[in-house]
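Data block below; observations after.
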Amino acid sequence: MKRSIAARLTLMFAVAALVVFFVIGSILYCVIKTELRHHERDGLHTTFNDIEYMMGRSGSADRWSRVRAKLDSLTPADGKVRFWVFSDDPAFSYGKDLVELHDFDYGTGNIGQLSIRGKEYPMHTLSKVIPAFKDRPAVRLTIGVDTEPYYETLHIFVLAMIGVSLIGTLLVTFFGYWIARTGLRPLQKMSSTAQTLSPQTLSERLALSELPNELSDLATAFNGALDRMQNAYTQLEAFNADVAHELRTPLANLIGETQVALSRERSAPEFESVLQSNLEELDRLRSIINDMLFLARSDQGEAATSLTQTRIADEVQKTLEFFEFVLDDKEITASVIGDIEAGAKIETALFRRALTNLLQNAIQHSAAGSHIRVQITQLPEAIAIAVSNPGISIEEIHIPRLFDRFYRIDAARHDHHQLHGHGLGLAIVRAVASMHGGSTFANSSDGVTTIGFTVRCVS
């Protein structure tokens, strides 16, 4: 079951409050327990010193009777404080149950503890031997203090601390929930704004000035995502329009020629000519569809898989040999320069497809007698393949969009046709580069246009 952020924060506030109250309560409990014990022992020592002083100067039976009277007066009726005097001479003994108490453990430092029959809590004791004086032999004086108030105080403190902790936790939970809801209000506003977005309102953005600093980065990232979405949506609309335009032309040609052919009786050669023309248009349609399917697979993250370690110059040379007759017909020469020995793991079919598109583009926009250069450059983690041809330079504004699908720059070139005649050639180059972990690049200046791509070196 999903919980809201406010509920999670409230739960964390409650847990944190319980932990804090527990730690504080434990520390206070230890402090109070220690202070109560010190206070109790200070009282024992004060009383003990007074009686010890009096007993130390009582060396006769007459003076000892005064000691007994003093101890009787100091013993409260509730028995909270008790006195015992242990002696081998019964005349100098004092206290109840002396026989039973004579052998109890006095503990370390003359501080001990003993249990009295009928009492729930033990008594804390302080004992000390008082040396003999005149007729009085050496005696052991023991003072006991009832610990019931001590334990009752600790018990009340524990109950009070538990009650305060529970009430405090409830208050923290209540105010924590209110704070969380108030603090998350800007986030809810962001969510409400996002829900109002539609293809017609993609230009709207979140106002950063109205948001707290903690949400500024999130809002900036969200606005960046909206920018990319708007650009993608715009490109998609343009792409759909271009696709419709590219498919409409061959379909219109097919329909028109077929209607003309069927408008009257035709001979077999005439129908054969029409079918031949229709076949060319169908082949153009197939080429467009195949290229679009290839680009769709690339967009879905498909990578080159059938990789083979190959010397790049060999693949370039084989592709140039394929264009040998085309180059001769247009009186264009071509050469391979750069790092001839550079090699990488590539899918040769995809590599040749990208290079073929670049060479077709260069040949198409080169005049007779021109020279095309294919330069191979070994980079730290990739290999760059650049095809350069002389011709009219491309304006800088067009360079970033050269690899967009169906993008045309008719005014910048002599010819009014792109690669394959439908504007997907350079887009395929970018797809092939991406499938090999590389990228594309282009520049045009001083009458020379260079377009190329990179493939990542795989060890």
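The values are calculated or read from the model by the stated rules, or taken from the named source; none is laboratory data. These numbers come from a predicted model, not from an experiment. Because the Cβ atoms are built from the backbone with ideal geometry, glycine has one as well, and the counts that use them run over all protein chains shown. The area values use the complete protein model at the heavy-atom level, side chains included, leaving out ligands, DNA and RNA. Shrake-Rupley method; radii C 1.70, N 1.55, O 1.52, S 1.80 Å.
How much length is gained if the chain between Phe157 and Glu396 is pulled fully straight, taking 0.36 nm per residue apart and subtracting their Cα-Cα distance, in nm to one decimal?
In short, 77.9 nm is gained.
Using the Cα atoms of the range 307-459, I'd like the radius of gyration and the largest Cα-Cα distance, Dmax, both in angstrom.
Cα radius of gyration and Dmax of the range 307-459 are 14.5, 44 Å respectively.
Given H placed 1.01 Å from N in the peptide plane, which residues other than close sequence neighbours of Ile116 have an amide H under 5 Å from its amide H?
Amide H to amide H, under 5 Å and 5 or more residues apart or across chains, Ile116 pairs with Met123.
Give me the angle, in degrees from 0 to 90, between the Cα long axis of helix 61-74 and the longest principal axis of the Cα atoms of the chain, rounded to the nearest 10.
Approximately 40 degrees, to the nearest ten.
Grab the beta carbon distance between Thr377 and Asn443, set R0 = 22 Å, and tell me the FRET efficiency rounded to 0.05.
After rounding, the FRET efficiency stands at 0.95.
As a test question: what accessible area, to the nearest 10 Å², does Cys457 have when a 1.4 Å probe is rolled over all protein chains in place?
We get 50 Å² for Cys457.
Could you report the accessible area of His38 in Å², rounded to 10, computed with a 1.4 Å probe on the protein chains as they sit in the structure?
Approximately 90 Å² of His38 is accessible to the 1.4 Å probe.
Using a Förster distance of 56 Å, how high is the FRET efficiency between Leu279 and Phe222, based on the Cβ-Cβ distance and rounded to 0.05?
With R0 = 56 Å, the Cβ-Cβ based efficiency is 0.60.
Straight-line reach from Lys33: which lysines have a Cα under 26 Å away, not including same-chain ones fewer than 8 places off?
Within the straight-line cut-off, Lys33 pairs with Lys80, Lys119, Lys128.
What is the spread of the Cα atoms of the range 1-71 along each of their three principal axes, largest first, in whole Å?
If we take the Cα atoms of the range 1-71, the spans are 87, 15, 12 Å.
Just to verify a number: what accessible area does Val31 come out at with the full protein assembly present, 1.4 Å probe, Å² rounded to tens?
70
Given a 1.4 Å probe and heavy atoms of the protein chains only, how would you sort Phe174, Phe21, Phe453, largest accessible area at the top?
My answer, sorted largest first, is Phe174, Phe21, Phe453.
Hey, could you grab the Kirkwood Rh for the range 325-373? Inverse mean 1/r over distinct alpha carbon pairs, Å, one decimal.
12.2
What nm value, rounded to one decimal, do you get for the distance between Arg66 and Ile32 when each label is placed 7 Å out toward the C-beta?
It works out to 4.4 nm between the two label points.
Taking a ≥ b ≥ c as the square roots of the Cα gyration tensor eigenvalues, with a/c under 1.5 meaning rounded and otherwise prolate when a/b beats b/c, else oblate, which class fits the range 249-327?
Oblate shape, in that a/c is at least 1.5 and b/c is the bigger or equal ratio.
Could you list the square roots of 5 times each eigenvalue of the Cα gyration tensor of the range 252-378, that is, the equivalent ellipsoid semi-axes, sorted largest first and rounded to whole Å?
Equivalent ellipsoid semi-axes, largest first: 39, 22, 11 Å.
Can you classify the range 303-350 as rounded, prolate or oblate using the Cα gyration tensor, where a ≥ b ≥ c are the square roots of its eigenvalues, rounded means a/c under 1.5, and otherwise it's prolate if a/b beats b/c and oblate if not?
Since a/c reaches 1.5 but b/c is at least a/b, the shape of the range 303-350 is classed as oblate.
I need the Kirkwood Rh of the range 34-188: take the reciprocal of the average 1/r across all distinct C-alpha pairs and report it in angstrom.
Taking the inverse mean of 1/r over all distinct Cα pairs, the range 34-188 comes out at 18.8 Å.
Please give the FRET efficiency for Arg205 paired with Arg185, using the beta carbon to beta carbon distance and R0 = 25 Å, rounded to the nearest 0.05.
For R0 = 25 Å, the calculated efficiency reads 0.80.
If the cut-off is a Cα-Cα distance under 15 Å, which aspartates and glutamates reach Lys189, setting aside same-chain residues fewer than 8 apart in sequence?
Result set, ordered by chain and number: Glu204, Glu210, Glu214.
So how strong a dipole does the range 228-296 carry about its Cα centre when Lys and Arg Cβ are +1 and Asp and Glu Cβ are -1, to the nearest 20 debye?
220
Toward the positive end of the charge dipole of the chain, about the Cα centre and with charges on Cβ (Lys, Arg +1; Asp, Glu -1), which of Pro250, Ile116, Ala344 goes farthest?
Most positive-ward Cα: Ile116.
Could you give me the radius of gyration and the Dmax of the chain, taking only the C-alpha atoms into account and expressing both in angstrom?
When restricted to the Cα atoms of the chain, Rg and Dmax are 50.1, 161 Å.
Helix-derived [θ] at 222 nm for the chain: sum -39500 (n - 2.57) over DSSP H runs of at least 4, divide by residue count, nearest 500?
One gets -18500 deg cm²/dmol as the mean residue ellipticity at 222 nm.
So what are the range 239-284's ellipsoid semi-axes, whole angstrom, largest first, if each one is the square root of 5 times an eigenvalue of the alpha-carbon gyration tensor?
Working from the Cα gyration tensor, I get semi-axes of 25, 11, 4 Å.
Rounded to the nearest 10 degrees, what's the angle between the helix 268-299 long axis and the longest principal axis of the chain, both from Cα atoms, 0 to 90?
Helix 268-299 sits at roughly 20 degrees to that axis.
Can you put Asp283, Asp146 in order of accessible area, largest first, using a 1.4 Å probe?
Descending accessible area places them as Asp283, Asp146.
Dipole of the chain, Cα-centred, from +1 at each Lys and Arg C-beta and -1 at each Asp and Glu C-beta, to the nearest 20 debye?
Magnitude of the dipole: close to 2420 debye.
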